[in-house]
Amino acid sequence: DAKTTQPPSMDCAEGRAANLPCNHSTISGNEYVYWYRQIHSQGPQYIIHGLKNNETNEMASLIITEDRKSSTLILPHATLRDTAVYYCIGIGAGNMLTFGGGTRLMVKP
Amino acid sequence: DTAVSQTPKYLVTQMGNDKSIKCEQNLGHDTMYWYKQDSKKFLKIMFSYNNKELIINETVPNRFSPKSPDKAHLNLHINSLELGDSAVYFCASSQSHSNEKLFFGSGTQLSVL
């Protein structure tokens, strides 16, 4: 599975877009990029995943660079409830999810 | 209805005791997991079961024994608890073994005194 690198922490103003970067320069062609988040005292929650194309769902957008070496998770209008640790994971099908340190996002009023 | 439920939410016990954590999912998923989150907040997979059969067993002491009576349940039994077992344990499930969209329970905080 790909090694991923994320900044340990970020701040975002409430109502603004939160852009969370992730580097996965060793990702292989058949490995997906998954994003999860963990709100304090809760279990991790799936957000979105992608392979090559950009993806969007009701929670977020995922932008993957053309060379697939990095991606950005975008929360278009961050709220206080989006304060959490966000995990970027590069994984091949059938492999087990391995969580790294993640980015602690603090949304401030 | 909670999709993945685990009990108890908190468990405080003495060293040397034996304890169990129960997990149930009502999503109809085939695969269930146990993860451990230590004090540094790193989440590590411990076990994975697919249709009641063990498919992943990471480097976990033999004192930890998962049991899956049916595919909707995966319980974790821990013998001879040690101080280092103190952590938050998360149960999760996914539709299949090759599906990485996991649904997690709310966790069991185990404190060994």
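Inter-part distance, segment A:61-109 to segment A:23-54, computed on C-alpha centroids, equals 6 Å. Partner shielding of A:99-105 amounts to 2, given as the average count of beta-carbon atoms from other chains within 10 Å of each residue beta-carbon. Here the accessible area of chain A is 49 percent carbon and sulfur, with a 1.4 angstrom probe and all protein chains present. Here chain A is described by how far its Cα atoms reach on the three principal axes: 40, 28, 23 Å, from widest to narrowest. Got a sec? Which residues in segment B:72-104 would a label at B:Lys52 touch, if it sits 7 Å along Cα→Cβ and we count backbone N under 14 Å? It comes to B:72-75, nothing else. Solvent-accessible surface of segment A:1-108, taken per residue with a 1.4 Å probe and all protein chains present: 50 Å². Absence of a disulfide-compatible partner, taken as no other cysteine beta carbon within less than 4.7 angstrom, is noted in the protein assembly as shown for A:Cys12. Measuring spread by the Cα atoms of segment A:26-88 yields a radius of gyration and Dmax of 12.2, 36 Å.
I'd like the GluC sites (Glu not before Pro) in chain A restricted to DSSP loop residues with at most 15 other Cβ atoms within 10 Å, sorted by number. Show your work: numbers first, answer last.
Values: sites: A:Glu14, A:Glu31, A:Glu55, A:Glu58, A:Glu66; in loops: A:Glu14, A:Glu58, A:Glu66.
Qualifying residues, ordered by number: A:Glu14, A:Glu58, A:Glu66.
Cross-link pairs exceeding 29 Å between alpha carbons, from the set A:Lys108/B:Lys22; A:Lys52/B:Lys52; A:Lys3/B:Lys9; A:Lys52/B:Lys36; B:Lys71/B:Lys101; A:Lys3/B:Lys22: A:Lys108/B:Lys22; A:Lys52/B:Lys52; A:Lys3/B:Lys9; A:Lys52/B:Lys36; A:Lys3/B:Lys22. Shape analysis of the protein assembly as shown yields a ratio of the Cα radius of gyration to the Kirkwood radius, Rg/Rh, of 0.98. A DSSP coil position with no more than 14 other Cβ atoms inside 10 Å describes the following trypsin sites (Lys or Arg not before Pro) in segment B:1-65: B:Lys9, B:Lys40, B:Lys41, B:Arg63.
With 18 Å as the cut-off, how large is the P(r) tail for chain B, expressed as percent of Cα-Cα pairs?
Details: 2772 of 6328 pairs.
Pairs farther apart than 18 Å: 44 percent.
Only counting protein heavy atoms at a 1.4 Å probe, give the residues of segment A:38-59, ordered by number, whose accessible area falls by 20 Å² or more when the other protein chains are present relative to the chain alone. Those are A:Gln38, A:Ser41, A:Gly43, A:Pro44, A:Tyr46, which lose 20 Å² or more relative to the chain on its own.
Could you work out how far apart the two model spin labels at A:Met10 and B:Glu82 are, taking each label as a point 7 Å from the Cα in the direction of the beta carbon, and quote it in nm? Spacing of the two 7 Å Cα→Cβ label points: 3.9 nm.
Counting only protein heavy atoms and rolling a 1.4 Å probe, how much accessible area do B and A lose on contact, total for both sides, in Å² to 100?
Details: alone 6440 and 6270 Å², together 11240 Å².
When B and A are taken together, about 1500 Å² of accessible area is lost.
Write out the trypsin sites (Lys or Arg not before Pro) in segment A:2-94 meeting two conditions: DSSP loop, and at most 12 other Cβ atoms within 10 Å of their Cβ.
A:Lys3, A:Lys52
Counting Lys and Arg as +1 and Asp and Glu as -1 over every other residue whose Cβ lies under 14 Å from the Cβ of A:Met59, the net charge comes to 0. Taken per residue, the accessible surface of segment B:14-53 reaches 54 Å², heavy atoms only and a 1.4 Å probe.
The values are calculated or read from the model by the stated rules, or taken from the named source; none is laboratory data. All values reported here derive from a predicted model rather than from experimental measurement. All Cβ positions, glycine included, derive from the backbone under ideal geometry; neighbour counts span all protein chains shown. Surface accessibility is based on the protein's heavy atoms, side chains included, excluding ligands, DNA and RNA. Shrake-Rupley method; radii C 1.70, N 1.55, O 1.52, S 1.80 Å.
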